[in-house]
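The values are calculated or read from the model by the stated rules, or taken from the named source; none is laboratory data. Everything numeric in this text was worked out from a predicted model, so none of it was measured. Here the Cβ positions follow ideal geometry from the backbone for every residue, glycine too, while neighbour counts run over all protein chains shown. Note: areas computed on protein heavy atoms with side chains; ligands, DNA, RNA excluded. Shrake-Rupley method; radii C 1.70, N 1.55, O 1.52, S 1.80 Å.
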Amino acid sequence: QLISDLFEMREDGFPLLSTHDESTLTTGIYLCGPAVRHNQHVFCFIYKFRQRFAIVAKSIATSLGLSAEGLE
């Protein structure tokens with residue numbers, strides 16, 4: 001229930017995310033893990049937790065005005 005309150009849901013039941021894995025409904029709320037899907041892409045477990053985390057960290061750092069240089 002909480003996810004559907006914070007995230008706009010797609011037709012397939014998964015949350016709709018920005019390119020930075022951020023909620024399209026609630027600014028500053030990010031999603032990591034098995035529910036991360038983009039278009040028709042279903043990422044593997046390792047990619048979701050290790051590779052996508054840098055995208056979230058960079059977005060947060062940038063929004064706080066911090067350097068995100070090491071998160072490329």
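Which of the residues spanning the stretch 15-41 are open to solvent by less than 50 Å² (accessible area, probe 1.4 Å), in contact with a strand residue (DSSP E or B) (Cβ under 8 Å, 6 or more places away or on another chain) and over 13 Å from ARG52 (Cα atoms)? Once the filter is applied, which keeps residues that are open to solvent by less than 50 Å² (accessible area, probe 1.4 Å), in contact with a strand residue (DSSP E or B) (Cβ under 8 Å, 6 or more places away or on another chain) and over 13 Å from ARG52 (Cα atoms), the stretch 15-41 yields PRO15, SER23, GLY28. Pairs meeting the criteria (first residue in the stretch 1-30 and closer than 14 Å to HIS41 by Cα and among the charged types (D, E, K, R), second residue open to solvent by 50 Å² or more (accessible area, probe 1.4 Å) and assigned to a loop (DSSP other than H, G, I, E, B), beta carbons under 9 Å, at least 6 apart or on different chains) are ARG10/LEU16; ASP21/CYS32. Of everything in the stretch 42-72 that is of a type in the set (Gly, Ala, Ser) and surrounded by fewer than 12 Cβ atoms within 10 Å (Cβ to Cβ), the residue that is modelled with the lowest pLDDT is GLY70.
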